[in-house]
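See structure below.
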Amino acid sequence: MTVEVALSVMAAARTGQLLVCDGDDRPTGLVTRAQLAAARAASSYTDRLRLRDVVGAVAPAR
């Protein structure tokens, strides 16, 4: 999922965070709307930035 899609999902769900899971449905992290907005505002941002690339700096969820 891209950052743009994640932001759209969060807006539609009216939530401020998303739980990110791997291919086996195990939680890998939690990402907030603020984190996604910061990633989108970064000079290195492209519309192909994947959610998993943003979550890499976040501690895994339990």
Between helix 3-13 and the chain, what is the angle of the helix's C-alpha long axis to the longest principal axis, kept within 0 to 90° and rounded to the nearest 10? 70 degrees
Order R14, R50 by their accessible area, 1.4 angstrom probe, all chains in place, largest first. R14, R50
How much length, in nm to one decimal, is gained on full extension between Y45 and R14, taken as 0.36 nm per residue of separation minus their Cα-Cα distance? 8.8 nm
Using only protein heavy atoms and a 1.4 Å probe, report how much of V31 is accessible, in Å² to the nearest 10. 0 Å²
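The values are calculated or read from the model by the stated rules, or taken from the named source; none is laboratory data. Note that the structure is a prediction, hence the values are computed from the model and not measured. We work out accessible area using only protein heavy atoms, side chains counted, and drop any ligands, DNA or RNA first. Shrake-Rupley method; radii C 1.70, N 1.55, O 1.52, S 1.80 Å.
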